[in-house]
1. What shape does region A:2-63 have by the C-alpha gyration tensor, where a ≥ b ≥ c are the square roots of the eigenvalues, rounded means a/c under 1.5, and otherwise prolate means a/b greater than b/c and oblate the rest?
2. Averaged over its residues, how many other protein chain Cβ atoms are within 10 Å of peptide A:266-279's Cβ atoms?
3. For the pair residue A:182 and residue A:31, what calculated FRET efficiency results from E = 1/(1 + (r/R0)^6), where r is the Cβ-Cβ distance and R0 = 56 Å, to the nearest 0.05?
4. Compute the Cα gyration tensor for the protein assembly as shown, then decide on rounded, prolate or oblate, letting a ≥ b ≥ c be the square roots of its eigenvalues: rounded whenever a/c is under 1.5, prolate when a/b is larger than b/c in the other cases, and oblate in all that remain.
5. Where does the protein assembly as shown land at 222 nm, in deg cm²/dmol rounded to the nearest 500, when only DSSP H runs of n ≥ 4 count, each adding -39500 (n - 2.57), divided by all residues?
6. Based on the mean of other Cβ atoms within 10 Å per residue, sort peptides A:19-29, A:85-95 so the most packed one is first.
7. Using a Förster distance of 51 angstrom, determine the FRET efficiency expected from the C-beta separation of residue B:144 and residue B:263, and round it to 0.05.
8. Under a GNM of chain A (C-alpha, springs under 10 Å), which listed residue has the highest mean-square fluctuation: A:103, A:117, A:265?
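Here, each number is a calculation from the coordinates, and none is a lab measurement. Please read these numbers as outputs of a predicted model, since none were measured by experiment. Cβ atoms come from the backbone with ideal geometry, glycine included; neighbour counts cover every protein chain shown.
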């Protein structure tokens, strides 16, 4: 009897430790977000007065206003607004293009296998793991030759090209598990290549379309390397503009504006994560090729 | 069969290949041809713009004679080792703890993983502020009464690389957790039940049975995190901008600044080739084994 009691006591203690650890780790993970939000809501004097982690004494949205429409990026004091628009103009076509192309590639590589299809897939797959430094110089030259240097369409093309590798991986791995009978039956009924894609395959692939869109959106929105290498000045995406705001070295450092700017850059992907976190995780784990 | 239907059926046979061809062409050009192009530039004397005069391995010699590159390579080793060990360890621990029928599992998982949704530029900006010695964590602890407490790594050339590790682990350990958790959920419960009936304690079961069964997940985590470590660029730029001095230079930042800031395109291309070979040495065997085992399934 005592043995059973002490045993259940031990189990209880164990549970307590488990919950305690998980809770502490959660606090540590939330801390940077907390600090960003409270700092962005404080007036600058309060920050220099030494308030770091505490709640603001007087909440003000001045820093957010400054970050959005007044802060200087280089010599242009326009705030992040135009760069936010740049990022939107870049991300929407790039996501649509890469997801659409990835879907049809995945369909071909699973349901219309031709000799060498696996080799083609392998070629595309390595593109997912390409360290982009290895293509920066040729890409910069090529964009220049095509007249796309420093432009949003140029960035769209770059992101869509490398995005195809990821999206093909997503769709291929998803379609592999769809039974071939599905397409065979449609073929017997006389449906052709595109017909089957539209009316048989696509309707079943909503989840993977969501995964692909979310993954591509997050990757492209958060990209910095391509943005900083291939654009300058007013055509930059938001990550580049954010980095410029933060690295201003003249005058008194406006930490509250920096944090508001960081939040503005983070909000779109955070919202997507909160709304569709489940799909986001699926995109992440798809990188482990077999999921 | 009439000639026209034969034609159309032959066309139908080629149609899939025709549709996939443009993608393949794009990837062959932008991945493989561009790699080759970078390789070519690395054996020329290119400075500000590419010039195509063959100079052999001169740029590689110059690269390896650059102290800044040595700093970058040494930093990559320190950063990758710690980043991998800490992210994997923390991720595994969190996954195991979360797998104990935790009530708020969904919410906790969401909290551990949200940094993955952020740009490294945002992460770097936030941590730069947090680790700022004058106003950040150091000041908070000092104000609490521990006045000797110092946390000035970000301004200390010997310690700055560890701030990159801290921010990197914060961003990526949730990712390791997600893959491990998926692996844990795939393990057959009856194995664990049987071991429990045999009288094995829970820690022993984890050490002897469950963690060894997570080997495929472990492989994925290590490979994908290594890839993240090698391409880390934005995090360093936003957090320390490679400094103080060149203290937190990584190969990725070295390549960028040599090419676009210091007009040493040849050296930049050579460093890019070194990076590519490192990634390929890790990724190609991994992809090969993943694809092969898929065939055997």
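1. prolate
2. Per residue, the number of nearby Cβ atoms from other chains is 3 on average.
3. Working: r = 49 Å, r/R0 = 0.87.
Efficiency, rounded to the nearest 0.05: 0.70.
4. oblate
5. -23000 deg cm²/dmol
6. Peptide ranking by packing, descending: A:85-95, A:19-29.
7. E between residue B:144 and residue B:263, to the nearest 0.05, is 0.55.
8. A:117
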